[in-house]
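Comments concern the structure below.
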């Protein structure tokens with residue numbers, strides 16, 4: 001039986017001298033993650049597109065913790081791989097190390113569009129944008145770990161238990177818009193594309209952890225926050241009719257756990273000493289134990305969970321990694 005880890009925000013140690021990046025830290029889960037890391041004295045860069053929204057988030061965090069001294073804006077657009085890589089490159093000119101990287105930003109229900117790179121937006125932003133961002137920062141993360149063997153470099157990929165609803169990745173489908181205009185089928189396809197992007201997050205975590213296995217003080221893990229009522233449940237940009245939008249939003253509002261609870265699994269991976277004590281790497285962490293309702297209700301612990309057969313398929317994870325490398329190389333060469 002997998003262990004249960006008891007963890008609260010009070011268990012986060014002092015992070016003075018640590019430098020962190022949180023993508024999508026301007027609202028929701030990302031804002032809570034940035035707030036709690038900054039509360040424990042980490043220098044936190046909030047990576048997002050809108051400076052105005054980050055400024056507003058920093059003001060809210062300052063009101064909560066009494067200071068904004070350790071909070072900074074990093075302009076980051078995950079819409080294209082080139083822009084994501086450009087942001088990461090700019091960061092490497094600002095700082096000489098990076099201790100904590102949280103790939104949190106993501107899209108939920110969206111209308112049928114392609115990114116400028118030519119990929120459907122859930123895949124393009126939730127996976128490829130982060131792939132470009134993290135891979136560009138990877139040399140700095142490695143340098144941080146190698147230069148100081150006592151450092152504890154953390155990379156956390158925000159996924160979702162929705163990955164379990166994904167099918168085997170159809171690479172030809174990644175450049176296509178929705179096939180159906182009949183709303184029930186559109187909903188099914190929309191949820192399937194989101195699930196596929198969350199499966200990609202799992203695959204990225206597994207392959208990245210494997211490629212960093214020779215550096216003992218880098219810890220790569222993935223998390224499920226639980227069902228949390230955040231802006232990702234704003235369905236106004238989806239192709240669904242109004243009544244279906246409202247049903248989805250009401251469901252999340254009625255059943256969702258508080259945002260602070262949803263941030264727990266990421267903060268555990270990003271800062272808890274228990275990650276080091278038990279050498280937790282390439283794990284998928286939940287806010288609930290195994291069971292029919294696990295991940296949709298809140299428990300006090302953090303729970304490593306076994307991946308499904310598809311989620312643990314290393315042939316498929318390697319195939320995605322190779323596809324992503326080619327896509328990134330193409331995007332950068334065309335920029």
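Numerical summary
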quantity: Residues of the stretch 179-194 that turn out to be modelled with pLDDT of 65 or more and either exposed (fewer than 14 other Cβ atoms within 10 Å of the Cβ) or over 18 Å from residue 106 (Cα atoms) (or both), as a count; calculated: 1
quantity: All strands (runs of 3 or more DSSP E) inside the stretch 1-111 with 1 or more residues being more than 22 Å from residue 263 (Cα to Cα); calculated: 71-75
quantity: Positions within the stretch 306-332 being loosely packed, with under 12 Cβ neighbours inside 10 Å, assigned to a loop (DSSP other than H, G, I, E, B) and at pLDDT 95 or above, in sequence order; calculated: 309
quantity: From 39, 49, residue being surrounded by fewer than 20 Cβ atoms within 10 Å (Cβ to Cβ) and under 18 Å from residue 134 (Cα atoms); calculated: 49
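The values are calculated or read from the model by the stated rules, or taken from the named source; none is laboratory data. Everything quoted here is computed from the prediction, not taken from an experiment. Methodologically, a virtual Cβ is constructed for each residue, glycine included, from the backbone with ideal geometry; neighbour enumeration extends over all protein chains shown.
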